[in-house]
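Here the structure is laid out as structure tokens; the discussion comes afterwards.
Laboratory data are not the source of any read-out in this text; all were calculated from the coordinates shown. Since this is a predicted model, take the numbers as computed values, not measurements. Here the Cβ positions follow ideal geometry from the backbone for every residue, glycine too, while neighbour counts run over all protein chains shown.
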């Protein structure tokens, strides 16, 4: 029993066991205990859960709306007193709401407040369907473009309510606001997204013609695209430093190998499945994040050793078919932020001198290494899953001799 593990006094155990929804509270505390939450924190959570049940007036577990939790938190905050008779601290009410939402979400009973309707929701939905059916874009591409467009339209709706009144001056004002907090590359990306949207809007006669052609990207210096990844000897040092016996280090070694040797994107790493590895023929199948291409690579001995070490000794036994899963229950595929954190922490720990210290910097290092070995730009583009060599042309200035053809490419032969 979880309450008996947390509390020594029989009266305290009895208090928690006799309060309403004891089983539901105990299941949640057991889940937190599996995640590694310390005993003192669990005892605090147990006491607060009693107050949550009391102020939400829960006799049976039911769906609870976010507004109801906020109201209960305010009442609890007003009633609560410390031993010295003073009011609760400023973080007490947010902590109440945070724990209540997490507990109810654990049991599937939390009802979040729906987001406010976008003022141009119909137009965005139609544009999304156009990109899906007519252009055939991937869902990730569509989501990014819709997000950028929706952000602009929400800003525009603060002054006007109709697209018929929009002008190129409104777009310029928007970029003037964003220029204070965005870098030039972000502004250029947004300009491309808005150009595409206004071309569609003009075809649908939602706005006056000529706006799309009038949106210009900011000038970007030629050396702005200088690869900012680590040097290959630094990548080798990074891989060599990740040789610890802990489960975390074993998993990190496998991830770093895939990012640096094959130049995979972090999204491609987290989407890898166990069935993507043909151990008999030593072939790895990768589903590219852009355009949905499927690509196969030979599994190098170094990568094979790191992956098998992870699968045999570090990967939890679970029903999830993804290769990389969380190390603690409930087991689920790793998220993108976790991959970034793994790379960033280890690059800092190894004191690698690189402007960028994320997963994509290892992709840059892989491309630069292939270029130094004599690969052509088209070969690098094929290796990285790009559509054409224009995407990797940024590396050409570093080694013009790399435009010649080579017979063999093996970026991991020095491992």
(message) Nearest 10 degrees is fine. How inclined is helix 39-55 to the longest principal axis of the chain, computing both from alpha carbons?
(response) 70
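Taking only DSSP H segments of four or more residues, each worth -39500 (n - 2.57), what value at 222 nm results for the chain once the sum is divided by all its residues, to the nearest 500 deg cm²/dmol?
Values: 18 runs with 212 residues, N = 415.
That comes out to -16000 deg cm²/dmol.
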(message) Please compute the modelled spin-label separation between residue 78 and residue 321, points set 7 Å along Cα→Cβ, answer in nm with one decimal.
(response) 5.4
(request) Return the whole-Å distance between the Cα centroid of region 274-318 and the Cα centroid of region 228-251. (result) 18
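Pulled fully out, how much extra length does the chain show between residue 109 and residue 132, if you take 0.36 nm times their separation in residues and subtract their Cα-Cα distance? It would help to have the intermediate numbers written out before the result.
Values: separation 23, 0.36 × 23 = 8.28 nm, distance 3.35 nm.
Answer, rounded to one decimal: 4.9 nm.
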(request) Go ahead and collect, in residue order, the members of region 87-120 whose backbone nitrogen is under 15 Å from a label point 7 Å along the Cα-Cβ direction of residue 62. (result) 109-111
(request) Kindly rank 33-39, 369-375, 90-96, 188-194 from highest to lowest mean number of other beta carbons found within 10 Å of each residue. (result) 369-375, 188-194, 90-96, 33-39
(message) As I understand it, the value is the acute angle between the Cα axis of helix 359-372 and the longest principal axis of the Cα atoms of the chain; what does it come to in degrees, rounded to 10?
(response) 20
(message) Just to be sure I understand the model, the point goes 7 Å from the Cα along the line to the Cβ. What's the resulting residue 285 to residue 267 distance in nm?
(response) 2.1
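Out of all Cα-Cα pairs in the chain, roughly what percent, to the nearest whole number, are more than 41 Å apart?
Values: 32351 of 85905 pairs.
That fraction is 38 percent.
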(request) Select from 111, 299, 380 the residue whose mean-square fluctuation is largest in a Gaussian network model of the chain (Cα-Cα springs shorter than 10 Å). (result) 111
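Residue separation times 0.36 nm, minus the C-alpha to C-alpha distance between residue 356 and residue 34: what's the value? Before the final figure, lay out the partial values.
Numbers: separation 322, 0.36 × 322 = 115.92 nm, distance 3.46 nm.
Length difference between fully extended and current span is 112.5 nm.
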(request) Over region 240-324, calculate the relative contact order: mean separation of alpha carbon pairs under 8 Å at least 6 apart, over the residue count, as a percent. (result) 34
(request) Obtain the nm distance between the two label points defined at residue 92 and residue 312 by a simple spin-label model: each point lies 7 Å from its Cα along the Cα-to-C-beta direction. (result) 5.6
(message) Which three extents, in angstrom, do the Cα atoms of region 232-403 have along their principal axes, listed largest first?
(response) 49, 35, 27
(request) Could you quote the convex hull projected area for region 121-220, Cα atoms only and averaged over all directions, in nm²? (result) 6.3
(message) Rounded to the nearest 5, what % of DSSP beta bridges with both residues in the chain are antiparallel?
(response) 85
(message) Full-extension gain between residue 27 and residue 177, please, as 0.36 nm times their residue separation minus the C-alpha to C-alpha distance.
(response) 49.1 nm
